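Asker: Right, I'll just put the structure down here and ask away after.
The values are calculated or read from the model by the stated rules, or taken from the named source; none is laboratory data. Predicted model, so just to flag it, every value in this text is computed and none were measured. Don't worry about glycine lacking a Cβ; one is built from the backbone with ideal geometry, like all the others, and counts go over all protein chains shown. We work out accessible area using only protein heavy atoms, side chains counted, and drop any ligands, DNA or RNA first. Shrake-Rupley method; radii C 1.70, N 1.55, O 1.52, S 1.80 Å.
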Protein chains: 4
Amino acid sequence: MIVNGTTIDNTFAEAFGMKATRVVITALNHRWARHAAQAMTGFATSVIGCGVEAGIENELPAGETPDGRPGVSVLMFGMSGKALGKQLEKRVSQCVLTSPTSAVFAGMCGEKCINLGRNVRFFGDGYQISKLIDGHRCWRIPVMDGEFIAEESTAYCSAVGGGNFLVLAESTQQALIACEAAIDAMQDIPNVIMPFPGGVVRSGSKVGSIYKALPASTNQAFCPTLKGMTRSHVPDDVESVLEIVINGLTDDDIRRAIRTGVDAVCALGAGQGIKRVSAGNYGGKLGQFHFHLREIMA
Amino acid sequence: MIVNGTTIDNTFAEAFGMKATRVVITALNHRWARHAAQAMTGFATSVIGCGVEAGIENELPAGETPDGRPGVSVLMFGMSGKALGKQLEKRVSQCVLTSPTSAVFAGMCGEKCINLGRNVRFFGDGYQISKLIDGHRCWRIPVMDGEFIAEESTAYCSAVGGGNFLVLAESTQQALIACEAAIDAMQDIPNVIMPFPGGVVRSGSKVGSIYKALPASTNQAFCPTLKGMTRSHVPDDVESVLEIVINGLTDDDIRRAIRTGVDAVCALGAGQGIKRVSAGNYGGKLGQFHFHLREIMA
Amino acid sequence: MIVNGTTIDNTFAEAFGMKATRVVITALNHRWARHAAQAMTGFATSVIGCGVEAGIENELPAGETPDGRPGVSVLMFGMSGKALGKQLEKRVSQCVLTSPTSAVFAGMCGEKCINLGRNVRFFGDGYQISKLIDGHRCWRIPVMDGEFIAEESTAYCSAVGGGNFLVLAESTQQALIACEAAIDAMQDIPNVIMPFPGGVVRSGSKVGSIYKALPASTNQAFCPTLKGMTRSHVPDDVESVLEIVINGLTDDDIRRAIRTGVDAVCALGAGQGIKRVSAGNYGGKLGQFHFHLREIMA
Amino acid sequence: MIVNGTTIDNTFAEAFGMKATRVVITALNHRWARHAAQAMTGFATSVIGCGVEAGIENELPAGETPDGRPGVSVLMFGMSGKALGKQLEKRVSQCVLTSPTSAVFAGMCGEKCINLGRNVRFFGDGYQISKLIDGHRCWRIPVMDGEFIAEESTAYCSAVGGGNFLVLAESTQQALIACEAAIDAMQDIPNVIMPFPGGVVRSGSKVGSIYKALPASTNQAFCPTLKGMTRSHVPDDVESVLEIVINGLTDDDIRRAIRTGVDAVCALGAGQGIKRVSAGNYGGKLGQFHFHLREIMA
């Protein structure tokens, strides 16, 4: 399959079940909502090393937030509701409670809930006050610039982590421009985040390694410098591979994101050094979700 | 003491001994060096909740980095060399190894060292190669866009955390504009970071709380909404207080940063709603470092 | 009328008939489309001094542009189709033709047209080629990074310039934060631009002056420093006034923009120093369009 | 001559005498100083079409500006002092006088002066007041957010326009990444601007054309799509050429900027698609200044 001169490999991305939640951070303006959200979603690229995978989903106009102020929505993904709840509390108390003018609200409804402000309220040292906003229980916690408003809890849901596609290019510069185009295009898609730095990852991994203690290591088959030394999946005319990893609330959300991203890559057109688009999988045995590129791009 | 119409309180900031290290992240361009650095220094506002306090120190032109590429320097502060080393390894492997085109180098010389690439190298699964760059041992780890270069280790040193000053204003908007001016002015000062979101914090705390489990809680004396209910340090004409917390390699670095920041606040001039500049301390019994505002501003 | 604690004056903005056109600039990515658009819409705050009023309307995803690449839409307003056409050609040839990877297309259909690429094509020195894209005549002009694609012409239409509202605050910082909130909220509204620097203007003017040669001068009635010296419209508790000027394709577009902007100002709430929202007019005798604030906010 | 794998052509850039001035714009914070400076320096890529070539030179910390506020320095280049003065007045009155919280000061001392605030002051309609700041005559002009301070005049000097170098690459993406690296590195060099959008230009021109009315047209020798049709200077392995044009106060300033920019391009290293660095000239007969690449890079 060839889209606008770029070959789409006959392969699939393999993704996993996760739990996800959304919170809405508001502030005096978008700039400060973003400061809080960036701090809160930092060091959150991979659940194994960071405890959570997180990212900014979208900017929200003032009219679309619970307190009518400019906002940012954040998605967080963990391996269980419990793990997610623990990370959420820690990150809200370190990065949102502390951030000038911020407030935080549930971004999701549902039966299964985790704490948002329930324990953070104790920071108020007894001066905190409960308040109902549109039927939602919130806490007003006195701080130096007034009050920090935090909703008591937020729902979480089953979700999908690890959707992905690979960009194979003649040079790193070309792969990077293509991935930037993809991230630019995917930025406004609801229900997904691309949790790696700038949305892109270059350290593709395989399960296991020659070292006992290390459960994952570099995927040599995709390392251009190892072409001559290993059974390589890197074609002769490719010198650089970059990956975009996508977490989404549903598999359809990931499908839409892959479609948008690969479209943007292919839109660069022939002569831009993009040789192939592929995807990362573990043979299909580990992950419950398979995203076949050619189906998605059909 | 009055500077350009703003009263400087006769008080001092109280700060603590910490350990600090610096690393230099380089990449194809500053944008991507910054992506890695932002991810790595996220969720790092307060050492108790985040395990480390971190921030971007400066942007480095290509000519001033070990590999001649555009770079960003990052400072990290922890309670001990060991704790710092653990956080450094984790954050480098999650946020720098993964980030397109990045490399990472020691940003500090000295006798006491912590691991930078020493263990991260095993991600190479046996394909990593040792390399001396200007006499420094580095590791070349094969990844999908080529190689990740990581220096074996970096030094760390004794440092100071928790330098601060407070801005007391008629309104939050005025306090925020003043703090933005301060952060803007402090941005290029070497050897310091302001670890909170956007550089500013609004949740001033005191030691202890009415809840056994909670070792710190809101400092009600600085909460404007509690003026009538507590023994308040908030003057009648002040409705909002914001704080800038500064970590530095030495007490002189913090002194220079406080001076620059307070100068920027005061430069806004009379009629801009800035009533006082103060500082946070715990009576002087906990922290080894005292920063007297009036001495610094003299 | 009071909205969320802020008084809305019983007055109206007075606006004028203008001609407007829209062009779509595309590029390899949004960053470079924006570079071209910013250059092209610079020095375009006021039609009298700059020959045109221009601004970026919106960012367009790759899927919504004529050539499937990321884009930016630009609106330009002039006093006649002819004047508009002259400015358009000059600015396209200086700022878009020159900008890496850019292309430019009509952003409006209609009977009345002005030149877009018709004359710019001669830069090709005979090597330019005509090309139909979706039935639209375009020119392919050879340049150093390949070809500059420019559509032959674009339509223009009757439009409205000079819609506005005024923010009266206790301090400039508060007025500025409020205007930033308004601009932030108005940013994505289609069919409008706010042509002044950062979207805000502080030099309100009246018709005429004491100097023969000068047709317009400062509106002393709105200058806080002249309260004691003139018949002032600045209330006692107001020390700063800022204005947001809006040009729109129709009066309804301006109405929606005023509504959104004033809502954002008022959303800041009481205690933030915003005393009144007003509007600028010339007694109603000069402009065909009157925008009554209280009707719009009802 | 080969620098880090990239061939430096044995050629020179040809540049011209111009007149230049510098002004310093200050504001409440850097963000608003930048808004004014961007508006003022927009539509200023080429002196023939825009009347002036202008750009932001640097950001200035509060401590380095005449009024102790954050600032931005702007350089403007014209064909004569008179032409420069006319553009300066127009652009200051449209883009700086109008911009919230701004002030404007001379950025250069010398015997030859042009008006800065001398005529703009009449906007004050008689309410303007003269004021000496550190011995410099300034005008205080009442506006809605207080006063606009504008220094009476600024000096101008002889300068150099049209310094340049060319980046020849396998693909546009690679040329663009290289030019972005160059601009990134050149950004902080004093006394120079790169006046084209994003600092880069892709429409290289030659003197004359087949059309009588057109004094300049595309330089077909550097158009990759015309390789087969003309006597081309584009090597077989090059598909895209981009240029960086530099204006500087002296030829040494331009030399330093070329050196820094070409260094940054070459630092990308082999395998990144950058084939050659060249320069644009007209045979050496038109411009007084010749910048030989190999001398500069020696």
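Asker: Taking a probe of 1.4 angstrom, what is the accessible area of residue D:207 in Å², to the nearest 10?
Answerer: About 100 Å², rounded to the nearest 10.
Asker: 5 Å is the cut-off here: which amide hydrogens, built 1.01 Å from N in the peptide plane, fall below it relative to residue A:42, excluding neighbours closer than 5 in sequence?
Answerer: For residue A:42, whose amide H was placed from the backbone, the distant partners under 5 Å are B:43.
Asker: Another question, then. Tell me, what are the semi-axes, in whole angstrom and largest first, of the equivalent ellipsoid of region D:168-292 as set by the roots of 5 times the Cα gyration tensor eigenvalues?
Answerer: They are 24, 21, 12 Å, listed largest first.
Asker: Considering only DSSP states other than H, G, I, E and B, which trypsin sites (Lys or Arg not before Pro) in region C:180-219 qualify as loop sites with at most 13 other Cβ atoms within 10 Å?
Answerer: Passing sites in region C:180-219 are C:212.
Asker: Return the loop-located chymotrypsin sites (Phe, Trp or Tyr not before Pro) in region D:122-224 (DSSP other than H, G, I, E, B) with at most 16 other Cβ atoms within 10 Å of their own Cβ; answer none if there are none.
Answerer: D:211
Asker: What net charge do the residues around residue B:143 carry, taking every other residue with its C-beta under 13 Å from that of residue B:143, with Lys and Arg at +1 and Asp and Glu at -1?
Answerer: Numbers: positive: A:202, A:206, B:121, B:140; negative: A:239, A:243, B:125, B:145, B:147.
Taking every Cβ under 13 Å from that of residue B:143, the sum is -1.
Asker: Can you tally the net charge around residue A:296? Count Lys and Arg as +1, Asp and Glu as -1, for every other residue whose Cβ sits under 15 Å from the Cβ of residue A:296. Walk me through the intermediate numbers first.
Answerer: Values: positive: A:255, A:256, A:259, A:294; negative: A:9, A:14, A:251, A:252, A:253, A:263, A:295.
Overall, the nearby charge balance is -3.
Asker: What is the distance in Å between the Cα centres of region A:136-193 and region C:184-260?
Answerer: The distance from the Cα centre of region A:136-193 to that of region C:184-260 comes to 38 Å.
Asker: Something else: How far is residue A:10 from the same spot in each other copy, in nm, shortest first, if each label point sits 7 Å from Cα toward Cβ?
Answerer: Relative to the other copies, residue A:10 has label-point distances of 5.5, 7.8, 8.5 nm.
Asker: Take residue D:2 and residue A:188, extend 7 Å from each Cα along the Cα→Cβ direction, and tell me the distance between the two endpoints in nm.
Answerer: The two pseudo-label positions are separated by 4.8 nm.
Asker: What residues have an amide H closer than 5 Å to that of residue B:245, excluding those fewer than 5 places away on the same chain, when H is modeled at 1.01 Å from N in the peptide plane?
Answerer: B:196, B:201
Asker: Rounded to the nearest 100 Å², what is the buried accessible area between B and A, both sides summed, probe 1.4 Å?
Answerer: 6000 Å²
Asker: Per residue of region C:81-94, in order, report the coupling 6.51 cos²θ - 1.76 cosθ + 1.60 (Karplus, θ = phi - 60°) as ³J(HN,Hα) in whole Hz, putting x for Gly and Pro.
Answerer: x, 5, 4, 4, x, 5, 5, 4, 4, 5, 6, 5, 6, 7
Asker: Roughly how crowded by other chains is peptide C:98-109, in terms of the mean Cβ count from those chains within 10 Å of each of its Cβ atoms?
Answerer: 4
Asker: At a Förster radius of 30 Å, what calculated FRET efficiency corresponds to the Cβ-Cβ distance of residue C:112 and residue D:211, to the nearest 0.05?
Answerer: 0.65
Asker: Considering only Cα-Cα distances, which of the following residue pairs are longer than 31 Å: B:275/C:275; A:86/B:275; C:90/D:131; B:90/D:275; C:227/D:131? Don't skip to the answer; put the middle values down first.
Answerer: Values: B:275/C:275 20 Å; A:86/B:275 40 Å; C:90/D:131 40 Å; B:90/D:275 39 Å; C:227/D:131 20 Å.
Flagged as over cut-off: A:86/B:275; C:90/D:131; B:90/D:275.
Asker: A follow-up question, please. Can you list the HN-Hα couplings for region C:121-134, worked out from phi with the Karplus curve (6.51, -1.76, 1.60; θ = phi - 60°), rounded to whole Hz and with x for Gly and Pro?
Answerer: 4, 5, 4, x, 6, x, 8, 5, 10, 7, 8, 9, 10, 6
Asker: Hey, another quick one. Across peptide B:213-226, what mean number of C-beta atoms from other chains lies inside 10 Å of a residue's C-beta?
Answerer: 5
Asker: Let me ask another. What is the average number of partner chain Cβ atoms found within 10 Å of a Cβ in C:46-54?
Answerer: 3
Asker: Find, to one decimal place in angstroms, the Kirkwood hydrodynamic radius of the protein assembly as shown, where the mean of 1/r is taken over every pair of different Cα atoms and then inverted.
Answerer: The answer is 31.1 Å.
Asker: Hey, could you grab the Kirkwood Rh for region D:18-157? Inverse mean 1/r over distinct alpha carbon pairs, Å, one decimal.
Answerer: It is 14.6 Å.
Asker: What FRET efficiency comes out for residue D:83 versus residue B:237 if R0 is 56 angstrom and r is the Cβ-Cβ distance? Round to the nearest 0.05. Provide the component values of the computation, followed by the final result.
Answerer: Working: r = 53 Å, r/R0 = 0.94.
The formula returns an efficiency of 0.60 here.
Asker: Under the convention of a label 7 Å out along Cα→Cβ, give the distances in nm from residue A:295 to the same position in every other copy, shortest first.
Answerer: Label-point distances to the other copies, shortest first: 5.7, 6.7, 7.0 nm.
Asker: Oh, and also: Taking amide H atoms as placed 1.01 Å from N in the peptide plane, list the residues 5 or more away in sequence, or in a different chain, whose amide H sits under 5 Å from that of residue A:152.
Answerer: Result for residue A:152 returns A:117, A:137, A:138, A:139.
Asker: Highest mean first, how do A:15-28, C:168-181 rank when packing is the count of other Cβ atoms within 10 Å averaged over residues?
Answerer: So the peptides A:15-28, C:168-181, ranked by packing, come out C:168-181, A:15-28.
Asker: With the Cα gyration tensor of chain D in hand, convert its eigenvalues to equivalent ellipsoid semi-axes via √(5λ) and list them largest first in whole Å.
Answerer: 39, 20, 16
Asker: For region B:56-67, just list the computed ³J(HN,Hα) in residue order, Karplus coefficients 6.51, -1.76 and 1.60, θ = phi - 60°, integers in Hz, with x standing in for Gly and Pro.
Answerer: 7, 7, 6, 8, 10, x, 3, x, 10, 10, x, 10
Asker: Moving to a separate point now. State, to one decimal in nm and shortest first, how far the label point of residue A:131 sits from each corresponding label point in the other identical copies (label point: 7 angstrom along Cα-to-Cβ).
Answerer: Result, one decimal in nm: 4.1, 5.6, 5.8.
Asker: Please get the size of the charge dipole for region C:40-131, origin at its Cα centre, with Cβ charges of +1 on Lys and Arg and -1 on Asp and Glu, quoted in debye to the nearest 20.
Answerer: 340 debye
Asker: Region C:105-132 to region D:25-93: how many Å between their Cα centroids?
Answerer: 32 Å
Asker: Oh, and also: Pairs B:82/B:112; A:206/B:82; D:82/D:285: which exceed 22 Å Cα-Cα?
Answerer: Values: B:82/B:112 11 Å; A:206/B:82 30 Å; D:82/D:285 26 Å.
In this structure, A:206/B:82; D:82/D:285 lie more than 22 Å apart at Cα.
Asker: Normalised by the residues of chain A, what does the relative contact order come to in percent, with Cα pairs under 8 Å and at least six apart?
Answerer: Once divided by the residue count of chain A, the mean separation gives 26 percent.
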